[in-house]
1. Evaluate the stretch 73-92: report whether one residue or more is surrounded by 13 or more Cβ atoms within 10 Å (Cβ to Cβ) and in contact with a His (Cβ under 7 Å, 6 or more places away or on another chain).
2. Output the qualifying pairs, or none if there are none: Cβ atoms under 7 angstrom, residues six or more apart or on different chains, first residue in the stretch 88-108 and at negative phi, second residue surrounded by fewer than 17 Cβ atoms within 10 Å (Cβ to Cβ) and part of a helix (DSSP H, G or I).
3. On the basis of being in contact (Cβ under 8 Å) with a residue 24 or more places away in the chain, of a type in the set (Lys, Arg) and closer than 30 Å to Glu24 by Cα, does Arg151 make the cut?
4. Check Gly113 against each of (1) modelled with pLDDT of 95 or more; (2) open to solvent by less than 50 Å² (accessible area, probe 1.4 Å); (3) not acidic (Asp, Glu) and name the one condition it does not meet.
5. Pick from Lys100, Lys142: which is of a type in the set (Lys, Arg) and under 30 Å from Asp22 (Cβ atoms)?
Amino acid sequence: MADAKNPIKIKKIGHVVLSVSDIERSTKFWTEIMGFKFSDRNEIGMVFFRNATDHHTVALIQATEKNQLPKRGQVGFDHMALEVSSVSELFKIRDFLRSKGVEIFYEGRRGPGGNPGVEFYDPDGYKIEIYAAMDQIGTDGKSRPANEWKRATTLEEAVANPLPGAEYN
């Protein structure tokens, strides 16, 4: 949180730009699988997509070199998380992803934040999480205590065992 001496007061995270191995394949993924809308393609071939009214939230640029993405624990990008309106949407999203052959490597609920979600890879191996019902931190600045975290390894388990005060719809 920015203090009075710090002029940086971020309003929101604006967009993510990914370097990809095949821009046309990734364009199909972001439009046909993720449901984003095409906004523009610039003079160097960078492609911009939106999910709301901002011009872009995700952009792609063609990589000029092939390399391995960093593994968890190594320096580098780990994942992006995208919020949907309800936990019930997550079941539909999970089924849709599976029907399109997208491998889901995790579903359920982890610890801090209490948010159920599904996690999968894009065509280049970038990790994407789609989640709902993230805990909100009130004016007291306190988050849910660790003794209330209930990890779940499926969406069904997360819904069947909701966190205290959580409402899943």
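1. no
2. Qualifying pairs under 7 Å: Ile104/Arg98.
3. Working: in contact (Cβ under 8 Å) with a residue 24 or more places away in the chain: yes; of a type in the set (Lys, Arg): yes; closer than 30 Å to Glu24 by Cα: no.
No.
4. For Gly113, the exception is condition (1).
5. Values: Lys142 fails: under 30 Å from Asp22 (Cβ atoms).
Just a single option satisfies the conditions, and that option is Lys100.
The values are calculated or read from the model by the stated rules, or taken from the named source; none is laboratory data. Keep in mind that this is a model prediction, so the values were computed, not measured. Here Cβ is always computed from backbone atoms with ideal geometry, including for glycine, and neighbour counts include all displayed protein chains. Side chains are part of the model used for accessible areas, which takes the heavy atoms of the whole protein and leaves out ligands, DNA and RNA. Shrake-Rupley method; radii C 1.70, N 1.55, O 1.52, S 1.80 Å.
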